[in-house]
2 protein chains.
Amino acid sequence: MLAGLLIAGCASTADKGDTKGAGTKRSNARPFDGTKIVQIAIVVRDVEKYAKSYAEFFGMDVPQIIVSETEDKAKTRYLGRTTKARVKQAFFRFDNVTLELLEPVGGPSTWKEFLDSNGEGVHHIAFEIKGMDDRIAQMQDRGASLIQEGRWTSYTGGRYAYFDSNAQLAVMIELLENF
Amino acid sequence: MLAGLLIAGCASTADKGDTKGAGTKRSNARPFDGTKIVQIAIVVRDVEKYAKSYAEFFGMDVPQIIVSETEDKAKTRYLGRTTKARVKQAFFRFDNVTLELLEPVGGPSTWKEFLDSNGEGVHHIAFEIKGMDDRIAQMQDRGASLIQEGRWTSYTGGRYAYFDSNAQLAVMIELLENF
């Protein structure tokens with residue numbers, strides 16, 4: 001609420017010009033510089049049902065349902081172990097951010113764990129980044145542990161990582177890197 | 001995940017040019033034309049604690065905590081009744097969307113109900129709109145009932161409305177109008 005207060009009430013980014021004497025510490029202090037919120041992801045039990053419902057609600061076309069790649073390509077790891085988990089996805093792109101529907105299938109995953117524990121709802125907020133390995137280290141420096149990671153090879157290819165940032169942010173963060 | 005698939009996988013808006021014979025029905029079919037996702041709102045138990053934690057995590061300044069106005073100005077209604085509910089807020093603005101922290105105080109509200117039922121987490125996604133009365137009718141046409149509404153008088157002033165869109169979208173929607 002209170003959109004009228006945004007300009008006065010929101011946080012401004014700290015001065016990026018003052019980097020003297022900071023080095024790595026300064027870099028670590030701002031892991032989200034140059035990044036952007038690109039997706040809000042909602043876990044559901046039946047992606048086909050919600051894809052139709054979203055399309056009707058928002059007056060959009062029903063999108064293609066996409067199934068994530070198999071273990072050999074996706075290289076999915078959940079809680080440090082390989083998993084055969086996959087996910088069925090539907091995307092609804094608005095002007096500035098995309099709503100993503102996720103239905104977990106197959107083995108254990110953060111998507112299935114969330115659905116079993118919390119039911120349907122917002123699973124994470126995704127930031128697009130560059131330099132995944134450095135970003136993972138920066139997230140871990142903040143106490144946000146890596147809980148799932150994987151890749152995709154279609155289109156440009158890319159890599160994703162989910163972090164348990166609930167203690168710090170009361171929501172899960174995903175980092176996405178397009179190759 | 002799968003940011004690389006967005007272009008292929010996302011929904012495109014239907015042809016806006018084809019309005020023949022549609023009239024009101026066509027208008028109702030697209031309540032989100034010309035709107036934008038402006039906020040992702042997260043309900044928390046202690047907004048001061050999370051405001052500091054967000055600032056540290058994202059490398060931003062700690063924002064001012066804003067308390068919503070009293071009942072005489074806010075005219076808050078929850079489930080059809082007036083309420084003395086207020087909310088403490090902190091805003092973190094990213095390039096394209098704002099993360100909003102909400103701590104309910106006072107009387108009954110959707111914020112408090114969510115916290116009591118679900119714990120901390122994403123409470124709603126906010127769309128900025130024009131013409132609230134028409135938009136409320138359009139939401140209700142889709143079966144999304146109005147559960148809370150209110151106003152703010154500071155800055156430009158404005159009006160907000162929350163809808164139970166869980167059955168349709170698995171997430172709550174807020175409409176915001178700046179006057």
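The values are calculated or read from the model by the stated rules, or taken from the named source; none is laboratory data. Everything numeric here is computed off the predicted structure, so don't read it as measured data. Cβ atoms come from the backbone with ideal geometry, glycine included; neighbour counts cover every protein chain shown. Heavy atoms of the whole protein, side chains included, go into the accessibility calculation; ligands, DNA and RNA do not. Shrake-Rupley method; radii C 1.70, N 1.55, O 1.52, S 1.80 Å.
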Inset, instruction - Would you point out which residue out of A:Val62, A:Val67 is farther than 23 Å from B:Thr35 by Cβ and surrounded by fewer than 19 Cβ atoms within 10 Å (Cβ to Cβ)? - result: A:Val67
Inset, instruction - Can you tell me which residue within the range A:152-164, out of those that are touching a strand residue (DSSP E or B) at 6+ places or on another chain (Cβ under 6 Å) and more than 7 Å from chain B (Cβ to nearest Cβ), is surrounded by the most Cβ atoms within 10 Å (Cβ to Cβ)? - result: A:Tyr162
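Restricting to the range A:37-59, count the residues that are open to solvent by 70 Å² or more (accessible area, probe 1.4 Å) and either over 11 Å from A:Gln89 (Cα atoms) or in contact with a Cys (Cβ under 6 Å, 6 or more places away or on another chain) (or both).
So the count comes out to 4.
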Legend entry - Single match in A:Lys49, A:Lys84 (criterion: over 19 Å from A:Met172 (Cα atoms) and not in a loop (DSSP other than H, G, I, E, B)): A:Lys49
Legend entry - Filter pass, A:Ala90 being in a helix (DSSP H, G or I) and on the phi < 0 side of the Ramachandran plot: no
Inset, instruction - Given the conditions (1) at the interface with another protein chain (Cβ under 7 Å from one of its Cβ atoms); (2) in contact (Cβ under 8 Å) with a residue 24 or more places away in the chain, report the number of the one that A:Lys130 does not fulfil. - result: (1)
Legend entry - So B:Glu120, is it under 17 Å from A:Gln168 (Cα atoms), touching a helix residue (DSSP H, G or I) at 6+ places or on another chain (Cβ under 9 Å) and open to solvent by 50 Å² or more (accessible area, probe 1.4 Å): yes
Legend entry - In the range B:85-95, the residues that are in contact with a Lys or Arg (Cβ under 8 Å, 6 or more places away or on another chain), facing chain A (nearest Cβ under 8 Å) and either surrounded by 20 or more Cβ atoms within 10 Å (Cβ to Cβ) or over 13 Å from A:Lys36 (Cβ atoms) (or both): B:Phe94
Legend entry - Checklist (1) open to solvent by 50 Å² or more (accessible area, probe 1.4 Å); (2) part of a helix (DSSP H, G or I) applied to B:Gln138, failing item: (1)
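Yes/no per residue for (1) open to solvent by 30 Å² or more (accessible area, probe 1.4 Å); (2) under 16 Å from the mean Cα position of the chain (by Cα):
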residue: A:Arg77; (1), (2): yes, yes
residue: A:Thr83; (1), (2): no, no
residue: A:Val97; (1), (2): no, yes
residue: A:Gly107; (1), (2): no, no
residue: A:Glu113; (1), (2): yes, yes
residue: A:Ile125; (1), (2): no, yes
residue: A:Arg142; (1), (2): yes, no
